[in-house]
Amino acid sequence: MTSGQRSLVGMSMLAAGLLLVLAAAGIAWSGVQRWLAVSETRDALEMLRRDRVADARKLAAKASARVPDEVAPALLALDTADLDAVERIEAIAARGTSRADRETAHAAMALARVAKGKAAGFDLEGSADGRLLAAMAAANAGRDPGRLKPVDGEAPPHLNVLRAAHTVLLRRAWQAGKVSEVRAHAGALLLLRPRAPEAPLMHLLVGAGSALLPDAEAIKLCEAVKQEQEAAIRAVAALLPQRRAAIAARWPKAVEGLP
């Protein structure tokens, strides 16, 4: 082998070595980014459990920027009020590596659309998500949503869809004065998120709506409500005429003008 050939072989080996180093560095960097994204997604979920939605979205947005093809952080970062953002998730869902990821993305997008009074836009027939979204759409349109009975063999719904459905149907039942339905939906929401800021109000609706609970105990439940307490107590007094005398004794203005 001549010196020129040896030089050429040496340069080729050096180039190959550099490529391997760059490839290894790229793999390592990708691994670091993925690890950071996993950590940020976990922290975002924790923020969401504490009802710190804005903080959760910020962390999830950082995670999504690191791993743009992953569905979970993109969904956590999603602002359902922004329909353009909702549409962008569809492209991510199409690249999802698992059926579960795609179904989760479709359920999230359908939920956002139904909340805005639009059609779900996805074929969710035969699924628990589809059934719940149909009930929400009916309630929003002023139609009878029916009962949320589970179907044998049906996969469980996504928790956000279930929570949204109970919230919408609770509002509809409250407006219609259907106390037993109000209690049922409030109880379901309480089970889904027992430490949510609205939990004291759910406790009040479940407890005060029962004829077995003494007025004194109902008043204690009223006092435990901290978020918009006056408005909440007035709404409960409107829903439950049998509690008005007890409420008026403690909060006279809460019952003023009620029919």
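The values are calculated or read from the model by the stated rules, or taken from the named source; none is laboratory data. Small disclaimer: the values here were computed from a predicted structure and weren't measured. Using ideal geometry, Cβ is built from the backbone for each residue, glycine included, and neighbour counts are taken over all protein chains shown.
When you check TRP35 against the structure, is it among the aromatic types (Phe, Trp, Tyr), at pLDDT 50 or above and assigned to a helix (DSSP H, G or I), yes or no? For TRP35, the condition - among the aromatic types (Phe, Trp, Tyr), at pLDDT 50 or above and assigned to a helix (DSSP H, G or I) - is met.
Can you say whether ARG195 is among the charged types (D, E, K, R) and more than 26 Å from ASN160 (Cα to Cα), as far as the supplied structure shows? Spelling it out, it is not the case that ARG195 is among the charged types (D, E, K, R) and more than 26 Å from ASN160 (Cα to Cα).
Residue check: LEU159 meets all listed conditions (1) surrounded by fewer than 12 Cβ atoms within 10 Å (Cβ to Cβ); (2) more than 21 Å from LEU45 (Cβ to Cβ) but one, namely (2).
Quick grid of which residues meet (1) touching a residue at least 24 places away in the same chain (Cβ under 8 Å); (2) part of a helix (DSSP H, G or I); (3) closer than 24 Å to ALA72 by Cα:
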| site | (1), (2), (3) |
| --- | --- |
| LYS149 | no, no, no |
| HIS166 | yes, yes, yes |
| GLN175 | no, yes, no |
| ALA184 | no, yes, no |
| ALA196 | yes, no, yes |
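Would you pick out the residues in the stretch 142-165 that are at negative phi, at pLDDT 85 or above and out of contact with any helix residue (DSSP H, G or I) (no Cβ under 8 Å at 6 or more places or on another chain)? Listed by number, the list holds a single entry, ARG143.
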